[in-house]
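The values are calculated or read from the model by the stated rules, or taken from the named source; none is laboratory data. Since we're looking at a predicted model, the values are computed, not measured. Because the Cβ atoms are built from the backbone with ideal geometry, glycine has one as well, and the counts that use them run over all protein chains shown. Protein only, heavy atoms only, side chains kept; ligands, DNA and RNA dropped before computing areas. Shrake-Rupley method; radii C 1.70, N 1.55, O 1.52, S 1.80 Å.
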Amino acid sequence: MKALRFKLYAYRNRLVPMFVLVMIPWLAVAPWAPWWLLSISVPLLFVCAWLLILHVLPNPPASRRASDSGKVSDGDILRMRQASEQNAQLLARWANVTRESKLQLEEVDQHVTEVMTHAESAVIEIGKRFVEVTRKTRRQVELAVALLSRAEGEGGDSPQSLTDYIQACDALLKSLGEQLLATGEELAGLAARQEAVREDSKRIDGALDQMAELASQIRVLALDSGRRGNADNRAFVEMTDRVRALSLTADESSRAIRKTLEDIKAQARSTDEAIRALATQARDAGRRSSDQIAELTGATLKKSEEVNRALSDIGNLGSQIQADINQIIIELQFQDITQQKLQRLKAPMLTELASSWLAMFEETRTFNRKLPHAEGAEGSTGRFRVSLKTAPEPQKPAAPAGTAAPAAPQDKGPRGDDGAKVELF
Amino acid sequence: MASILVVDDSTTMRQMVAFTLTSAGHDVTEAPDGNQALAKAKGKKFDLVITDVNMPGMNGIDLVQSLRALPDCKFIPILVLTTEAGAELKQKGRSAGATGWIVKPFNPEVLLDTLKKVLD
């Protein structure tokens, strides 16, 4: 209806003569035609007029519009308007290609965004894991160092570290050694005293021998005095002198023996005291050593438990570090997988896009050449000029309309379902 | 300790696998594609092969088939380590002679456990 109205408006000045011309044949035959033929022909007349105007009459030349460029002639404007249908088709194809390109670009953008998101999260995760690994390693070192060093703020004489306990044990053993040396010296003194007692015993043996000799001589003198009792007094006097001398000798011997016995008693008492003192000393030293060893053993056992706990903590931290490293490896794989996915996506998608645009470029250029005003010099008026100087040469024919973009690699997306990760056939 | 051939076109992935295996005491040889892997398999006897699927030149499935044709590789375990998880491709790998299928990204512990299973 818009076209009909446009033509009626355009031919408004010629409508009456045209109507007259159409009516002349009808008017010429009307007086002889029957009434029913006239009643049929009147509406047919209007139908014919409608068909004539709509399909037979050429499009009226358009007048210049306010938006038309002054540099373009009326003829060009007319030709351009005649080419509106081709323009519409071209623009429709442009719209289709643009829509498809937009979809492809959106897909690329979606994948790039996805890759960037994964890469970012992977980097963050890797960073966190490295921090965790560093923290746990430092904790391990601290635990290991604590085993060998005194804890700060826990001063005092009590040993805190394994080294302190080892040093305390060493000092205790040294003290025990010194005490044993002293005991040995004491025992050497006792041995010297025993030697003196042995010497005194020898002297007593000598004195006893002398006394036995004296007793023997006295017995002989008694027998001799009995035999010579009646001989003379002189001999008796001699005998008496000898008995007195023997008596004196026996007296001296008995004094010597008494003195020796006194010495022996004194030495025995002294030795006994020394032995008692040594025994007491050894008992005290043993008790002290036993107490110290018991205390040290208890503390060492306690420290050993701490060492066990520390070693267990170190082992647990080692396991956690291994898990962190495993996680880092997984995150690095995510990085690599997404990078590969992007690389596989990039080439076909962009090639397809470039091919589509090149096809449109060729079509537009061809269409532009067909325009009469172009006169073989493409784009002289610049109306349909398309600049694609930097585009590469098309490597393959343009994809037909509606061809879908190359499918993205059918990889399992990063962080996707982990089901059936490993399958042994 | 096993002698293992790792085939992957991604250097990062290859090094990740190599790092995991060498940490466990295995001897690792790397190859960036199927052709080089095949050449290395002809020159040395391996206890196990781990290969990707999507590689330039010869892909992983073809590599498995080619390896199975070698006398030294006829009975060794061959694991496919790939991002592909489709049942059809798995079936192709199985038909080609693959021993197992591991989907990337792999967990190092799981990979080592799988290796232990197939090597035992």
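Label-to-label distance, A:Arg288 versus B:Phe19, with points set 7 angstrom from Cα along the beta-carbon direction: 6.1 nm.
Pairs exceeding a 28 Å alpha-carbon distance, out of B:Lys45/B:Lys90; A:Lys174/A:Lys265; B:Lys45/B:Lys117; A:Lys341/B:Lys42; A:Lys421/B:Lys74; A:Lys136/B:Lys117: A:Lys174/A:Lys265; A:Lys341/B:Lys42; A:Lys136/B:Lys117.
Looking at the stretch B:1-75, the accessible area is 43 square angstrom per residue; that uses a 1.4 Å probe and ignores ligands, DNA and RNA. Helical content of chain B, expressed as a calculated mean residue ellipticity at 222 nm, amounts to -14000 deg cm²/dmol (DSSP H runs of 4 or more residues, -39,500 (n - 2.57) each, divided by residue number, nearest 500).
Place a point 7 Å from Cα of B:Ala69 in the direction of its Cβ. Which residues in the stretch B:38-57 have their backbone N less than 14 Å from it? Backbone N within reach: B:38-39, B:42.
Pair-distance distribution of the stretch A:272-352: all C-alpha pairs, bin width 5 Å, starting at 0; shares per bin in whole percent are 4, 11, 8, 8, 7, 7, 6, 6, 6, 5, 5, 4, 4, 4, 3, 3, 3, 2, 2, 2, 1, 1, 0, 0. Based on alpha carbons, the Rg and Dmax found for chain B are 12.6, 35 Å. Ordered by 1.4 Å accessible area with all protein chains kept, A:Glu213, A:Glu195, A:Glu178 run largest first as A:Glu178, A:Glu213, A:Glu195. Per the accessible-area calculation with a 1.4 Å probe, the total area buried between chain B and chain A rounds to 2300 Å².
Among the helices of chain B, those built from whole DSSP H runs whose Cα atoms reach 15 Å or more along their own axis and whose mean Kyte-Doolittle hydropathy is at least 0.5 are B:108-119. Straightening the chain between A:Ser69 and A:Arg14 buys 16.8 nm, computed as 0.36 nm per residue apart minus the Cα-Cα spacing.
To the nearest 0.05, how large is the calculated FRET efficiency for A:Ser254 and A:Gln194 if R₀ is 25 Å and r is the Cβ-Cβ distance? Let's see the in-between values first.
On the way: r = 25 Å, r/R0 = 1.02.
E between A:Ser254 and A:Gln194, to the nearest 0.05, is 0.45.
Given B:Ala37, B:Cys73, B:Met13, which one lies farthest toward the positive end of the charge dipole of chain B, if we put +1 on the Cβ of every Lys and Arg and -1 on the Cβ of every Asp and Glu? Selected residue: B:Cys73.
Per residue of peptide A:339-346, the mean number of Cβ atoms on other chains within 10 Å of the residue Cβ is 2. Compute the distance from the alpha-carbon center of the stretch A:269-289 to that of the stretch B:1-78, in whole Å. When both Cα centres are located, 81 Å separates them. Per residue of A:328-336, other chain Cβ atoms within 10 Å of the residue Cβ number 6 on average.
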